[in-house]
Every structure is written in C-alpha cells, then in structure tokens.
Amino acid sequence: MIYKLSNAAEGDEIEKEFGIPFKYPNLYTQNPLINGFHETNLSVITMDRQSEITFAIWGLMPQDFKEDWYIFQNNANTLNVQLHDLEQVEWMKESFNQRRCLIVVTGFYTHMIKNGNTCSHYLCKPSEGPFFLAGVYNKLEDGFLCSALITSKTNPFVSSYHNISNLAPIIVPKESVSFWLSNASKMEDLKDFIQNPPEVRLKANLMSNEFFLKNISYNLQNERDGQIL
C-alpha cells in the first residue's frame, strides 16, 4: 500500500505539462510529502470536469457522506483501493463506473524492511516532472470531493524498493488519459488496464529518515532507473 505521495511541482509547471488549468490556482501549494494519515488534499482531474484541475480529500468515502473524514478513516482506510474492492463493494463499484479521476503527483514513497530496519525510497520520473495516477472519487454532502488511489501488484522494479506490501499505484500515461476518463470505455478494458498497466520508466531515490521526521526535501542518492507500471 502507498500512504505517502509527493507533488513538488509548481502550479504553472503542472498546467503547462498537461495543458489544463487549475480551477482555483491560488489554493494550490507544492507539497513534497503528502501524508495520507492526515486529512489532506490531492490535485485531481475528474470525469465530469476534464478541462480543469481541482482538489479532493485523500481517502474515499461514500457518495453524499455526511460525517467527518477522520470518522470514516478510523473505521475503513480507503487511501488505496484494489480492483476487487471496485468490483465487490457496491458504493465503490459505482465510483469505478461513474467517477474515475487522475491524481497529479511528482512521485510516491515506498518502504522496505532490510536487515531488521526500514528504509524508504522516492519513486519519480527521470525528469522529476508531474504525472498522473489512476484514482476514483466521490462527492460528499458538503460538495467537497474525496478520492483514493487504485493500486495493483508491483512489478520487479518497484518490488526491489517496496517489500512492506506487493501493491503500488497505477501510472496513467498521457496517451491513456482520454481512455481512463471516458464514459465510453468498457469495464473489461478498464479492468485489464488496472491488471496490466502500461510500463513507465521511473527512478528510485534513497531517502533520509529525517525527511519523514522533519519534512526535509532531499535525497541521499539516486539509485537506478527501471521499468514500472
């Protein structure tokens, strides 16, 4: 599972990369460490608003949910969802069918158990620029959006930096954006995309423990490039 993301790009860099403006550009702030265990916002593009980037709380809740984020997340951690959740949980199934989204990030953090200790890596594109992760979203009773990452099994490259679980986010390349957000896309094709996502080259940077303790944004070393998702 992935509970820490990064979006360190400037707003105008994101808009230039994807050719899509922020709905509320003054509300966007760079965040090198987005911690899902705290109520926080993600930058998203939704099926019903494909011409703008807006914000969604990280952690999926049912459509028209009335209570606070922490109440739901204390009972059901929905920062990440898997295909079997989207197929079998009725309210998630509706989200998958009708409310898919793209989550804007510049990377995500993985964690390993090694020699009895944990170490962390930051996975990002070689350019360190923004890219999309596959997600689903709902709209709460107060009008705010909430969202979750869709995760699938890691490939060998990610597994070499992430052995706490065997799940990782799904990267959506630019050429797959229309497919992911289209109402016309067939469910079987979408499921196949989740189970067999396209390969995207990433690099892994070893992180200092101080980064997570003090939110210091730097890397100890670039390890290597590889193929993932």
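What the table shows:
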item: Some residue of region 195-218 being of a type outside the set (S, T, N, Q), in a helix (DSSP H, G or I) and modelled with pLDDT of 85 or more; result: no
item: Top-ranked residue of region 1-10 - restricted to ones that are open to solvent by 30 Å² or more (accessible area, probe 1.4 Å) and not acidic (Asp, Glu), ranked as nearest to ASN155 (Cα to Cα); result: MET1
item: Hey, ASN155 open to solvent by 30 Å² or more (accessible area, probe 1.4 Å), more than 19 Å from PRO32 (Cα to Cα) and without any contact (Cβ under 8 Å) to a residue 40 or more places away in the chain or not; result: no
item: Tally of residues being of a type in the set (A, V, I, L, M, F, W, C), out of contact with any helix residue (DSSP H, G or I) (no Cβ under 8 Å at 6 or more places or on another chain) and under 22 Å from ARG100 (Cβ atoms) across region 159-173; result: 2
item: Some residue of region 158-168 being open to solvent by less than 30 Å² (accessible area, probe 1.4 Å) and either β-branched (Val, Ile, Thr) or over 18 Å from the mean Cα position of the chain (by Cα) (or both); result: yes
item: Filter result (over 16 Å from GLN195 (Cα atoms) and in contact (Cβ under 8 Å) with a residue 60 or more places away in the chain) within region 78-97; result: THR78, LEU79, ASN97
item: Residue check, GLN88 over 27 Å from LEU123 (Cβ atoms) and out of contact with any strand residue (DSSP E or B) (no Cβ under 8 Å at 6 or more places or on another chain); result: yes
item: Per-region count, region 163-194, residues in a strand (DSSP E or B) and touching a Ser or Thr at 6+ places or on another chain (Cβ under 7 Å); result: 3
item: Residue that is surrounded by the fewest Cβ atoms within 10 Å (Cβ to Cβ) [pool: residues in region 47-101 that are of a type in the set (A, V, I, L, M) and within 16 Å of ASP142 (Cβ to Cβ)]; result: ILE71
item: Yes/no for CYS119 being assigned to a strand (DSSP E or B), under 25 Å from GLU10 (Cα atoms) and either free of Cβ contacts under 8 Å to residues at least 24 places away in the same chain or touching a helix residue (DSSP H, G or I) at 6+ places or on another chain (Cβ under 9 Å) (or both); result: no
item: Hey, SER6 in contact with a Pro (Cβ under 6 Å, 6 or more places away or on another chain), in contact (Cβ under 8 Å) with a residue 24 or more places away in the chain and under 23 Å from THR78 (Cβ atoms) or not; result: yes
item: Region 126-143, residues that are out of contact with any strand residue (DSSP E or B) (no Cβ under 6 Å at 6 or more places or on another chain) and more than 21 Å from GLY59 (Cα to Cα); result: SER127, GLU128, GLY129
item: Elements of type strands (runs of 3 or more DSSP E) contained in region 1-103, each with 3 or more residues being touching a Cys at 6+ places or on another chain (Cβ under 9 Å); result: 41-46, 49-58
item: Whichever residue in region 11-46 is open to solvent by less than 30 Å² (accessible area, probe 1.4 Å) and among the small types (Gly, Ala, Ser) and, among such residues, is modelled with the lowest pLDDT; result: GLY36
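The values are calculated or read from the model by the stated rules, or taken from the named source; none is laboratory data. From a predicted model like this one, the values you see are computed outputs, not experimental measurements. Backbone-built Cβ (ideal geometry, glycine too); neighbour counts: all protein chains shown. Areas reflect the complete protein model, heavy atoms only, side chains present, ligands, DNA and RNA absent. Shrake-Rupley method; radii C 1.70, N 1.55, O 1.52, S 1.80 Å.
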